[in-house]
Amino acid sequence: MRATNGILLIGYGAESTLMGGADTAVAQDTSALNTNPAGLVQIKSKQFDAYGSVLRTTHLEQVDARNDQHADNRYTLLAGGGYAQALEDLPCTAGIGFFTQGGAGAVFKHINTPFGTNDEMYSLFGIAKITPGMACQVNDRLSVGAVLSINYASIKQGFFYNTSVPNVFSGFKNKGADTIRPGFKVGVQYRLDEQWTLGFSYTEKTELPLTGGTSLVNNGASGVVRYRDLSIKGFALPREVAIGAAFKPDDRWLLSAKINWIQWSDAIKDVTTTWQDPDNPSAASQLRTVNPQNWHDQLVYALGAAYRYDDKTTLYAGYNYGKNPVPRQNSSALLAATLEQHITLGMARKLDANWKITSGIEWLLPKDVTYNSNVFGQNTEANNGGFFLHMMLSKQW
């Protein structure tokens, strides 16, 4: 999957995404469990949402003196959903959701290496979460909510596995490294009057140490060594602080804005990979590499609009901008977390009194980064761009 706001998606669920991620002061379906849990109180009965997305990359490329290659994994599928219901004896709504949280990665099957071979390189990093949570109406204007999340992350990597140069380079394949870690999020919504609503959410940082993996390292004539203890540390879900406002000028229009501060500088600094416990006693007992990342903090600006065309149809549009958090010298086509601008359009249609379908498109506007690579040389390019198709089916009863 190609990243959007860093390694995070711009929104969760169809409405959140199709309003450009401007969801903090809106959050009126079960995606509130992952945007602003205070919004759950707007569900006054029972609601179930199931959504899916298809990403088509059009611009994910590795360009250098030897290569001009598009990634081979052009399609990525995402899914999620949630269930929530109002509690009978309390002014509260409880729910649970599943979300594809984010990730990054690419597969290049035919890369001309600096060692004169043609080989494969790939890195696939994904994060998903389960989010039980609750929100309560404190008074007519104020609602508060919180979720405790269970976060799962995994990674699969390979770099020139079929290439080996004595005392210079050994290709490798890493697999099976993953982690499960808890996290939490809190949120507030405050209705100033019939037109204005303010929103706030806070998400705590979650470390994601990836352990328990194995690796194959190609030592050429010496053979392939299997390392039975692989760990990759240095990834984390970042701390986030979001503020938003929603405005309803009349019964048809809903306008929304959000500013989200994402503390990447404390989440992705140095990524350390450690290989231990080889199956060959003559091999090195431990290998370790440290890849500096030193990402910058990111301010994401989101604008969204919803227009009720008639009693059954609502139209959506949105725009999302966040400056690329990856320092130029640490760029890579394998972790192409460089996208900055997103444009969204979509619509929701009520099928009957209970069912609704929401669908739309998200354009990931192309972003090209030129940098100097220790492997591929000067003026290497990492290019990224594409589009999502989003769809969500909802039932309220």
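Kirkwood radius and radius of gyration were both taken over the C-alpha atoms of region 151-223, and their ratio Rg/Rh is 1.41.
When the gyration tensor of region 268-397 is built from Cα positions, what are the square roots of 5 times its three eigenvalues, in whole Å, from largest to smallest? Don't skip to the answer; put the middle values down first.
Working: eigenvalues 380, 90, 30 Å².
Each semi-axis is √(5λ); the values are 44, 21, 12 Å.
Exposed loop sites are taken as GluC sites (Glu not before Pro) in a DSSP loop (any state but H, G, I, E or B) with at most 12 other beta carbon atoms within 10 Å; the longest stretch of the chain without one runs 195-397. Extent along the principal axes, Cα only, for region 3-105: 67, 21, 17 Å, with the longest axis given first.
With a probe of 1.4 Å, find how much accessible area the chain has per residue, and write the answer as a whole number in Å². Could you put the intermediate results ahead of the total?
Working: 17300 Å² over 397 residues.
So the chain comes to 44 Å² accessible per residue, rounded to a whole number.
Could you run the Debye sum over the Cα atoms of region 1-50, one equal point scatterer each and no solvent, and tell me log10 of I(q)/I(0) at q = 0.15, 0.18, 0.31 Å⁻¹, two decimals? Debye curve over Cα of region 1-50, log10 I(q)/I(0) at q = 0.15, 0.18, 0.31 Å⁻¹: -0.39, -0.53, -1.19.
Between Ala146 and Asp266, what is the FRET efficiency for a Förster distance of 25 Å, r being their Cβ-Cβ separation, to the nearest 0.05? Walk me through the numbers on the way to the answer.
On the way: r = 22 Å, r/R0 = 0.88.
FRET efficiency, Ala146 to Asp266: 0.70.
With the cut-off at 18 Å, report for region 46-92 the share of all Cα pairs above it, as a whole percent. Spell out each step's value before the answer.
Details: 641 of 1081 pairs.
Roughly 59 percent, rounded to a whole number.
Take every pair of alpha-carbon atoms less than 8 Å apart whose residues are at least six positions apart; their mean separation over the length of the chain yields a relative contact order of 19 percent. Once you treat every alpha carbon in region 81-200 as an equal point and sum by Debye, what is log10 I(q)/I(0) at q = 0.09, 0.17 Å⁻¹? Calculated log10 I(q)/I(0) at the listed q: -0.48, -0.91.
Enumerate by residue number the trypsin sites (Lys or Arg not before Pro) in region 302-331 meeting two conditions: DSSP loop (anything except H, G, I, E, B), and at most 16 other Cβ atoms within 10 Å of the site's Cβ. All intermediate terms of the calculation are to be shown ahead of the outcome.
Working: sites: Arg308, Lys312, Lys323, Arg328; in loops: Lys312, Lys323.
Answer by residue number: Lys312, Lys323.
Calculated on C-alpha atoms, the gyration radius of region 278-320 divided by its Kirkwood radius gives an Rg/Rh of 1.59.
Put simply, region 217-296 fits an ellipsoid with semi-axes of 50, 13, 9 Å; these come from the alpha carbon gyration tensor as the roots of five times its eigenvalues, largest first.
Once R0 is set to 30 Å, what does the formula 1/(1 + (r/R0)^6) return for the Cβ-Cβ distance between Leu365 and Ala65, expressed as a FRET efficiency to the nearest 0.05?
Values: r = 27 Å, r/R0 = 0.90.
Step by step, r from the Cβ atoms, then E = 0.65.
Across region 214-224, computed HN-Hα scalar couplings (Karplus, 6.51 cos²θ - 1.76 cosθ + 1.60, θ = phi - 60°) run 10, 8, 10, 10, 8, 9, x, 4, 7, x, 8 Hz from first to last residue, x flagging Gly and Pro. Each principal axis of the Cα cloud of the chain was taken in turn, and the coordinate range along them, longest first, works out to 73, 39, 35 Å. Helix-only estimate, please: 222 nm mean residue ellipticity of the chain, summing -39500 (n - 2.57) across DSSP H runs of length 4 or more and dividing by its residues, to the nearest 500. My calculation for the chain gives 0 deg cm²/dmol from helical runs alone.
Of the trypsin sites (Lys or Arg not before Pro) found in region 208-276, those in coil by DSSP whose Cβ has at most 16 other Cβ atoms within 10 Å are Arg252, Lys269. Springs between Cα atoms under 10 Å define the GNM used for the chain, and in it the highest mean-square fluctuation of Ser282, Ser256, Ser332 occurs at Ser282. With the highest mean first, a sort of the peptides 173-181, 65-73 on other beta-carbon atoms found within 10 angstrom per residue produces 173-181, 65-73.
The values are calculated or read from the model by the stated rules, or taken from the named source; none is laboratory data. Quick caveat: nothing in here was measured; it's all calculated off a predicted structure. Glycine also receives a Cβ, built like all others from the backbone with ideal geometry; neighbour counts cover every protein chain displayed. Heads up: the accessible areas ignore ligands, DNA and RNA and are worked out on the full protein's heavy atoms, side chains in. Shrake-Rupley method; radii C 1.70, N 1.55, O 1.52, S 1.80 Å.
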